[in-house]
1. Does residue 127 meet the test of being farther than 26 Å from residue 45 by Cβ and either in contact with a strand residue (DSSP E or B) (Cβ under 6 Å, 6 or more places away or on another chain) or assigned to a loop (DSSP other than H, G, I, E, B) (or both)?
2. Does residue 76 meet the test of being away from ligand 2 (no atom under 16 Å from the Cβ) and over 19 Å from the mean Cα position of the chain (by Cα)?
3. Tally the residues that are within 16 Å of ligand 1 (Cβ to nearest atom), in a loop (DSSP other than H, G, I, E, B) and buried (at least 24 other Cβ atoms within 10 Å of the Cβ), restricting the search to region 170-186.
4. Considering (1) more than 14 Å from the chain's Cα centre (by Cα); (2) within 16 Å of ligand 2 (Cβ to nearest atom), say which one residue 214 fails and leave the rest.
5. Restricting to region 60-69, name every residue that is crowded, with 23+ Cβ neighbours inside 10 Å and within 13 Å of ligand 2 (Cβ to nearest atom).
6. Does residue 167 meet the test of being within 15 Å of the chain's Cα centre (by Cα), at pLDDT below 90, away from ligand 1 (no atom under 16 Å from the Cβ) and outside any loop (DSSP other than H, G, I, E, B)?
7. Name the residue, out of 116, 62, that is in contact with a helix residue (DSSP H, G or I) (Cβ under 7 Å, 6 or more places away or on another chain) and in contact (Cβ under 8 Å) with a residue 12 or more places away in the chain.
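The values are calculated or read from the model by the stated rules, or taken from the named source; none is laboratory data. Computed from a predicted structure; not experimentally measured. Heads up, the Cβs are rebuilt from the backbone with ideal geometry, glycines too, and the neighbour counts pull from every protein chain shown.
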Ligand SMILES: Nc1ncnc2c1ncn2[C@@H]1O[C@H](COP(=O)(O)OP(=O)(O)OP(=O)(O)O)[C@@H](O)[C@H]1O
Ligand SMILES: [Mg+2]
């Protein structure tokens with residue numbers, strides 16, 4: 001393994017369903033067939049593919065929220081498959097996720113502040129409630145939310161504000177690696193840009209490594225260093241963002257590229273500034 005590789009997945013596969021008992025059997029779905037890639041420390045790695053291609057499943061396997069059917073995940077030199085419960089719990093702090101749907105990512109009956117604090121109570125080393133409260137307020141400030149958001153309920157926030165709260169909840173544990181599962185897909189263009197800029201600032205400030213999941217190439221040129229394109233559970237192309245935009249090899253990649261250029265003609269300026277087209 002290269003010395004600056006933070007995470008490496010090899011031959012990852014996930015089959016859902018199949019026979020559960022003699023009474024219950026569901027249809028087998030191979031959501032992820034064969035996925036391999038590695039992510040270097042400090043980079044933003046994009047995992048791009050159409051809806052249903054298996055992106056969320058890959059993200060959840062990396063976090064061990066679901067178990068892979070086969071394959072391996074090596075984080076910082078350690079195989080995640082071999083860790084004890086205690087070791088996995090320690091790792092939980094380092095590896096966090098920002099969910100696709102910020103609406104359902106929060107419990108509607110609890111305040112935003114208490115849920116961010118809960119993350120620290122559950123996984124952190126400290127149980128001093130005053131300290132936790134103070135740290136939660138600091139985290140709200142880091143993501144650009146005022147202190148009075150602490151006592152608000154999830155439905156009292158806009159989509160963009162809820163996404164910021166989701167980022168605060170992940171960051172409060174001081175992680176090294178964040179899986180960003182379509183963190184801005186549900187937001188309108190100006191809010192999208194705000195959240196992406198926030199993520200870029202936080203990456204510099206806290207030296208974070210990102211896996212950025214998206215279903216199109218929108219923002220990828222701006223945000224990602226390297227990209228893997230996923231199709232029907234398989235990686236069909238991996239390259240630097242610049243190479244992908246200049247010289248897409250696979251038909252699916254070309255399709256994803258052409259849709260972004262027609263959708264966001266005016267984003268061309270951004271890409272030209274980054275020398276990608
Ligand atoms: N718990 C589950 N049980 C059975 N099949 C599932 C389950 N979760 C996902 N799938 C199936 O696995 C495939 C991949 O799903 P996944 O959620 O990983 O896709 P995705 O690339 O994240 O899509 P999207 O862009 O819509 O979020 C889909 O065909 C989906 O229907
Ligand atoms: Mg998904």
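1. Numbers: farther than 26 Å from residue 45 by Cβ: yes; either in contact with a strand residue (DSSP E or B) (Cβ under 6 Å, 6 or more places away or on another chain) or assigned to a loop (DSSP other than H, G, I, E, B) (or both): yes.
Considered against the rule, which asks whether it is farther than 26 Å from residue 45 by Cβ and either in contact with a strand residue (DSSP E or B) (Cβ under 6 Å, 6 or more places away or on another chain) or assigned to a loop (DSSP other than H, G, I, E, B) (or both), residue 127 comes out as yes.
2. Values: away from ligand 2 (no atom under 16 Å from the Cβ): yes; over 19 Å from the mean Cα position of the chain (by Cα): no.
So residue 76 fails the test.
3. Step one: of region 170-186, the residues within 16 Å of ligand 1 (Cβ to nearest atom) are 179-186.
Checking the rest, the ones that are also in a loop (DSSP other than H, G, I, E, B) come to 182-186.
Filter again for buried (at least 24 other Cβ atoms within 10 Å of the Cβ), leaving 183-184.
Final tally of qualifying residues: 2.
4. Failing condition for residue 214: (1).
5. Within region 60-69, just 61 meets the criteria.
6. On the way: within 15 Å of the chain's Cα centre (by Cα): yes; at pLDDT below 90: no; away from ligand 1 (no atom under 16 Å from the Cβ): yes; outside any loop (DSSP other than H, G, I, E, B): yes.
When the stated conditions are applied, residue 167 does not pass them.
7. Numbers: 62 fails: in contact with a helix residue (DSSP H, G or I) (Cβ under 7 Å, 6 or more places away or on another chain).
Matching residue, one of 116, 62: 116.
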